[in-house]
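Participant: Here's a structure for you.
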Amino acid sequence: MNRALTLDDLVLAGIAVAAGLVLAFLSRTVLRWLAKHAKRTKWSGDDVIVDTLRSVVPWAAIVGGLAAAAAVLPLTHTVQHHTNQILQVWLIFVVTLSAARVVAGLVRSVTQSRSGVAGSATIFVNITRVLVLAIGFLVVLQTLGISIAPLLTALGVGGLAVALALQDTLANLFAGIHILASKTVQPGDYIRLSSGEEGYVVDINWRQTTVRQLSNNLVVIPNGQLAKTNMTNFTRPEQQLTILVQVGVSYDSDLDHVERVTTEVIAETMTEITGALPDHEPAIRFHTFGDSRIGFTVILGVGEFSDQYRIKHEFIKRLHRRYRAEGIRIPAPTRTVALQQGAVVIPQQRSGEDVVPGPALTD
């Protein structure tokens, strides 16, 4: 000490610490009031910012009070220097963690608003969080008087070796960034790969893309593989899509009557079934003179990919019931088989099954 410690020094130090604590309490109270108002807004980013300030500002007030207390005490230059360094590192640590949380929260908010789904693209969240923490770590080293230039040089040289050793991991990382940046796939999209996997994209992180199938199973696909494969996105450019239902009626049917009845069933199904699009104009197109029927296609509109199964289910049931009531026949496939007995050919007609001729029968 440069001089003896007196009672006045202790009183002033106590007042400084108490002032820091009181300021921390008041700031936390004010920020709690701001948090209630932030929840009333539509933007979720202000909730993240206020929540982070509730962690930073009180600690900053406490650190300020301790720094003021250390300044009024008769400490030696070395002790004063180390005390200030400890308080600075403490404050930097708190600010860095809070900044990482607020930046990650803002990025998550942006990704959710752009994709319009509950899931988030964690790859951007993780990258921004690591970057903020790395910057805070470098600031701490600089505050402690440790030169970061040799560290950056070593990281540059070592980074090359790491990049060579982690080629697959880095390929998946940059493939995930490319997928999200190009907006070809976003969380919530329904996709189908050329290899057969299909489902809703749950998340895209630094290494892999998670897809939830309609059976509620999860399929994990490396980002590099996803970027290389052929893929169909049933959600983009728009979520609504059309489905095709193949139908056939007998040759003795009145096609105008068939079209009118089918249109009525379509209108009934589109109005009553959840997921159907009543405003979508359906279409009926006759296209084939088949072996035993006249085939046509019914084109329906659905809200999203998974709705098609429920709508097809209800439409086929109602159409079958209505055809039976109207006397419209849906013939079973027929095939003519000739059985040879000696020199006599006896034509026989089988319905509803395929018959493979056996060897010729001879007397």
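Here's the yes/no breakdown for (1) more than 26 Å from Leu133 (Cβ to Cβ); (2) modelled with pLDDT of 75 or more; (3) open to solvent by 30 Å² or more (accessible area, probe 1.4 Å); (4) of a type in the set (Lys, Arg):
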{"site": "Leu10", "(1), (2), (3), (4)": "yes, no, yes, no"}
{"site": "Val17", "(1), (2), (3), (4)": "yes, yes, yes, no"}
{"site": "Leu26", "(1), (2), (3), (4)": "yes, yes, yes, no"}
{"site": "Val48", "(1), (2), (3), (4)": "no, no, yes, no"}
{"site": "Pro58", "(1), (2), (3), (4)": "no, yes, no, no"}
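Participant: Residues to consider are Gly188, Gly156, Gly176, Gly199; find the one that is at pLDDT below 75 and open to solvent by less than 70 Å² (accessible area, probe 1.4 Å).
Facilitator: On inspection, the qualifying residue turns out to be Gly156.
Participant: While we're here: Take Thr210 and decide whether it is in contact with a Leu (Cβ under 8 Å, 6 or more places away or on another chain), without any contact (Cβ under 8 Å) to a residue 12 or more places away in the chain, at negative phi and in a strand (DSSP E or B).
Facilitator: yes
Participant: Within the stretch 195-207, how many residues turn out to be of a type in the set (D, E, K, R) and either in a loop (DSSP other than H, G, I, E, B) or farther than 21 Å from Lys183 by Cβ (or both)?
Facilitator: 2
Participant: Okay, next question. Yes or no: Arg260 at pLDDT below 90 and within 30 Å of Arg285 (Cβ to Cβ)?
Facilitator: The answer is no for Arg260.
Participant: Here's a follow-up. Could you count how many residues in the stretch 214-257 are at pLDDT 90 or above, open to solvent by 50 Å² or more (accessible area, probe 1.4 Å) and of a type outside the set (D, E, K, R)?
Facilitator: Number of matching residues: 7.
Participant: Out of the stretch 263-309, which residues are over 18 Å from Gln246 (Cβ atoms) and touching a Gly at 6+ places or on another chain (Cβ under 6 Å)?
Facilitator: Selection gives Gly275, Leu277, His280, Gly303, Asp307.
Participant: Hey, does the stretch 104-120 have a residue that's at pLDDT 75 or above, crowded, with 16+ Cβ neighbours inside 10 Å and part of a helix (DSSP H, G or I)?
Facilitator: Scanning the stretch 104-120, I find at least one residue that is at pLDDT 75 or above, crowded, with 16+ Cβ neighbours inside 10 Å and part of a helix (DSSP H, G or I), so the answer is yes.
Participant: Yes or no: Glu268 open to solvent by 60 Å² or more (accessible area, probe 1.4 Å), closer than 14 Å to Arg318 by Cβ, in contact (Cβ under 8 Å) with a residue 40 or more places away in the chain and in contact with a helix residue (DSSP H, G or I) (Cβ under 7 Å, 6 or more places away or on another chain)?
Facilitator: yes
The values are calculated or read from the model by the stated rules, or taken from the named source; none is laboratory data. Bear in mind the structure is a predicted one, so any value in this text is a computation, not a measurement. For neighbour counting, all protein chains shown are included, and Cβ atoms are generated from backbone atoms with ideal geometry for every residue, glycine included. Heavy atoms of the whole protein, side chains included, go into the accessibility calculation; ligands, DNA and RNA do not. Shrake-Rupley method; radii C 1.70, N 1.55, O 1.52, S 1.80 Å.
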